[in-house]
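Below is one structure, written out as structure tokens, with a few remarks after it.
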Amino acid sequence: MADSIIKRYYDGLAEGKLLATHCDFCDAYTFPPTTACEHCGNPDVEWVELSGKGTLLFASHGAAPPPNARFVDIAPYTYGHIVLAEGPVVQGIITGVKAEPEELQALFERGPVPVEPDILTLMGLKVLAWKLV
Amino acid sequence: MRGKLKEGASIVGVGCTRFGDLLETPEIKGLSMQELAAMAAQEAMEDANISPQELDAVFVGHAMVHSTQLPGTYSQLSKWIGAQFKAGVHFEAQCSTTNVGAAMAAMAIASGVYEKVLVVGLEATRTRVKDMSPYERVPISTEEAWAWTDYAVNQAYSVPQGYEIFSVYNGLVALGYCRKYGIAIEDYDRAMFELCRTRRLHGAMNPKAILQETLEDEAARLGFSDPWEFWKSRFNPFVAWPCRIRNVVTVADGASAMVLVRKDAARYHSEAPVDLLGFGIAYSDLPWYDKDPSLWPIDRLAWQRAYQMSGVSPRELDYLHTHDCSNIVGMCNAELSGYIPEGKWTQYARDGRLRYDGDRPMSTHGGRHAFGHAWAASAGADTYEAVLQMRGEAGRRQIRPWPETCAIHTHGYAMISTVLILRRC
Ligand SMILES: [Zn+2]
């Protein structure tokens with residue numbers, strides 16, 4: 001059986017690890033990982049583990065019921081725009097913040113806040129969510 | 001990349017169905033997808049004074065095969081539009097499909113291979129085939145429509161990890177814009193109200209729009225004397241705070257078409273041909289933006305490439321449509337295009353300058369919210385409107401003086417940024 005990058009990423013999440021690839025050519029990360037550096041196309045990249053330190057820049061929310069049945073039980077949920085310490089920008093579910101205007105407005109007015117991974121298990125899949133530190 | 005067309009191409013015919021619901025909207029109720037597509041194609045060919053057998057090639061696109069159940073669409077349509085034995089292809093660039101088709105047609109013409117190309121786009125986002133019936137259809141639920149549409153979005157990571165269009169394509173972009181320009185959320189909401197009023201006014205003047213009721217009339221119908229109070233009411237909830245449901249797409253079934261020919265043959269087909277001066281295309285996958293959600297690298301590139309190929313500068317534009325499946329993304333693009341100044345769209349919307357009778361008219365067909373959005377057919381509907389405006393055929397919503405140079409921007413989910421620059425000959 002050949003190695004699947006996607007499978008390895010999700011297996012990493014199950015161990016609490018955020019796996020990325022790093023490109024020596026342009027010194028940038030691809031997260032989540034693919035078969036090439038997403039910045040320059042270089043296929044010769046190395047696996048690395050990210051620190052998990054991030055900053056939440058903005059947070060909004062989605063709909064209920066959601067289009068993807070995996071998320072029926074937690075919808076509507078807060079969804080955020082995050083920059084990681086190593087540079088990649090990621091988007092994901094934010095736990096612990098209600099998907100309501102008052103709470104989201106307070107968060108917006110507070111400005112960027114630190115976040116860390118809060119890995120969920122939904123319908124048997126590991127989902128990389130984030131929580132305020 | 002040379003980024004130039006070796007020979008000019010012109011749009012000499014356009015067609016578009018009413019956008020609506022194949023189960024409800026009178027002009028299209030009861031039609032099959034074959035008949036809907038043929039309706040748009042035949043309007044475009046009649047407009048171009050061309051018979052189907054004169055065509056060299058037919059490019060047919062649609063995105064969501066789940067609702068049409070018509071893959072290989074060009075061959076399935078060949079006996080419906082009368083163009084069998086021609087060259088053809090089924091292609092998709094999601095919601096940029098028809099305008100990417102126009103760019104492909106222009107390249108085919110400029111290369112010298114084809115001289116006359118028909119581009120057709122069709123989509124059903126409200127209804128789908130019932131079981132395997134040849135003509136019966138049933139409604140699609142909102143979640144089902146988005147689940148199918150989201151097959152075009154990062155299936156390795158984003159979708160299984162909770163991606164959802166309304167936050168990523170609306171709420172986060174709005175917050176990025178407000179923070180960048182120091183705009184209070186209440187002021188943003190008011191500007192969005194004004195923008196919606198403009199778009200609904202345009203839709204009310206367009207017999208092909210899905211929503212032909214002004215926002216004011218809708219408010220009154222639901223018991224509100226003040227449309228602003230209606231805007232803030234439970235009838236207009238946040239789909240992704242701070243964005244409300246009336247600032248996003250209205251899904252539709254529909255079809256559009258256009259005929260392109262060599263520029264030097266255009267007058268033979270049309271008294272008012274429109275040159276496709278240039279186009280820009282750029283694509284990427286999620287995340288679509290870096291730290292600033294209101295600035296998208298693919299849009300910057302698409303605009304640059306279109307301006308470069310066409311030799312047109314932003315100040316020459318008389319009319320603009322930007323992809324407004326999300327109104328805030330559309331307005332970020334209006335600013336990026338140079339049509340309105342950076343950080344100013346909220347003021348322009350509040351001052352009515354984006355109306356058909358304003359000095360910076362935009363999306364006079366009603367945009368994705370009022371005209372409706374039939375994924376692959378919509379870019380062609382945007383081009384259809386620009387062509388009508390340039391010919392002075394836009395009826396009550398006609399821009400005066402008639403625009404000469406127009407730009408059409410679309411986003412093909414997810415994500416293909418496309419810009420066409422058009423000019424009346
Ligand atoms: Zn690289």
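A few notes on this one:
- Contour minus Cα-Cα distance for B:Q42 and B:R400 (0.36 nm per residue): 126.0 nm
- Residue-averaged 222 nm ellipticity for the protein assembly as shown, from DSSP H runs of 4+ at -39500 (n - 2.57), nearest 500: -9000 deg cm²/dmol
- The Rg/Rh ratio of region B:242-301, with Rg taken over Cα atoms and Rh as the Kirkwood radius over Cα pairs, comes to 1.14.
- Peptide A:118-126 shows a mean partner chain C-beta count of 1 within 10 Å per residue C-beta.
- With only Cα atoms counted, region A:1-50 has Rg and Dmax values of 10.6, 31 Å.
- Here the Gaussian network model covers chain B, with springs between Cα atoms less than 10 Å apart; of B:R190, B:R353, B:R396, B:R396 fluctuates the most.
- Beta bridges per DSSP with both ends in region B:278-425, % antiparallel, nearest 5: 80
- Pairs beyond 19 Å (Cα-Cα), from B:K180/B:K344; B:K180/B:K291; B:K6/B:K116; B:K4/B:K86: B:K4/B:K86
- Probe 1.4 Å, protein heavy atoms only - accessible area per residue of chain B in square angstrom: 35
- GNM flexibility winner over chain B from B:P314, B:P134, B:P287 (Cα, springs under 10 Å): B:P134
- Backbone N within region A:88-110 under 15 Å of label point (7 Å from B:K291 Cα along the Cβ vector): A:88-90
- Computed magnitude of the charge dipole of the protein assembly as shown (debye, nearest 20; Cβ of K, R +1, Cβ of D, E -1): 860
- Radius of gyration and maximum dimension Dmax of region A:51-133, Cα, Å: 12.5, 36
- The simple spin-label model puts a point 7 Å past each Cα toward its Cβ; for A:V72 and A:Q105 those points are separated by 3.4 nm.
- Two-site FRET efficiency, B:D217 against B:Q347, from Cβ-Cβ distance with R₀ of 25 Å, rounded to 0.05: 0.45
- Convex hull projection area averaged over all views, chain B, Cα basis, nm²: 19.1
- Candidate aspartates and glutamates for bridging to A:K17, where Cα separation is under 19 Å - those fewer than 8 sequence places away on the same chain excluded: A:D3, A:E46, A:E49, A:E86, A:E116, A:D118
- Fraction of accessible area attributable to carbon and sulfur, chain B (%, probe 1.4 Å): 50
- Here the calculated FRET efficiency for B:E7 and A:N42, from their Cβ-Cβ distance with R0 = 41 Å, stands at 0.65, rounded to the nearest 0.05.
- Drop in accessible area of at least 50 Å² in the complex versus isolated chain, residues of region B:167-198, 1.4 Å probe: B:L172, B:L175, B:R179
- Highest-fluctuation residue, B:D131, B:D217, B:D299 considered, GNM on chain B with Cα pairs under 10 Å: B:D131
- As computed over region B:322-425, the Cα convex hull volume per residue (Å³): 99
- Evaluated over region A:1-125, the Cα radius of gyration and Dmax, each in Å: 16.1, 50
- Qualifying chymotrypsin sites (Phe, Trp or Tyr not before Pro) for region B:1-96 [loop in DSSP, other Cβ within 10 Å: at most 11]: B:F85
- Average accessible surface for region A:51-133: 43 Å² per residue, computed with a 1.4 Å probe over protein heavy atoms with every protein chain in place.
- Across chain B, Cα pairs under 8 Å and at least six residues apart give a relative contact order of 26 percent.
- More than 31 Å apart - percent of Cα-Cα pairs taken over the protein assembly as shown: 47
- Chain B: angle of helix B:185-204 to the longest principal axis, Cα-based, in degrees nearest 10: 40
- Leading residue at positive end of dipole, chain B (Cβ point charges), from B:N236, B:I399, B:Y307: B:Y307
- Largest-first ellipsoid semi-axes for region B:13-124, taking √(5λ) over the Cα gyration tensor eigenvalues, angstrom: 23, 15, 13
- Chains B and A, summed buried accessible surface - 1.4 Å probe, Å², nearest 100: 3000
- Put simply, the C-alpha atoms of region B:193-288 give a gyration tensor, and the ellipsoid matching it has half-axes of 37, 21, 11 Å, longest first.
- Relative contact order computed over chain A (Cα-Cα under 8 Å; 6+ residues apart), in percent: 20
- Hz values of 3J(HN,Hα) by residue in region B:48-61 - Karplus curve (6.51, -1.76, 1.60), Gly and Pro given as x: 8, 6, 9, 8, x, 6, 7, 5, 9, 7, 10, 9, 10, x
- Within 10 Å of each Cβ in A:90-103, the average number of Cβ atoms from other chains: 3
- Quotient of C-alpha Rg and 2.2 N^0.38 Å, computed over region B:378-425: 1.23
- Nitroxide proxy distance, nm - points 7 Å out along Cα→Cβ at A:A2 and B:Q304: 3.4
- Residue by residue, region B:7-24 carries 3J(HN,Hα) couplings of 9, x, 10, 10, 8, 10, x, 9, x, 7, 7, 4, 8, x, 10, 5, 9, 9 Hz when phi is fed to the Karplus relation 6.51 cos²θ - 1.76 cosθ + 1.60 (θ = phi - 60°); x denotes Gly or Pro.
- Alpha-carbon centroids, region B:83-142 and region B:343-390: separation in whole Å: 23
- Simple spin-label estimate for B:F235 and B:E24 gives 1.6 nm between the two label positions (7 Å along the Cα-to-Cβ direction from each Cα).
The values are calculated or read from the model by the stated rules, or taken from the named source; none is laboratory data. Only a predicted model underlies this, so the values are computations on that prediction, with no experimental measurement involved. Ideal geometry is used to build each Cβ from the backbone, glycine not excepted, and the neighbour counts take in all protein chains shown. Surface accessibility is based on the protein's heavy atoms, side chains included, excluding ligands, DNA and RNA. Shrake-Rupley method; radii C 1.70, N 1.55, O 1.52, S 1.80 Å.
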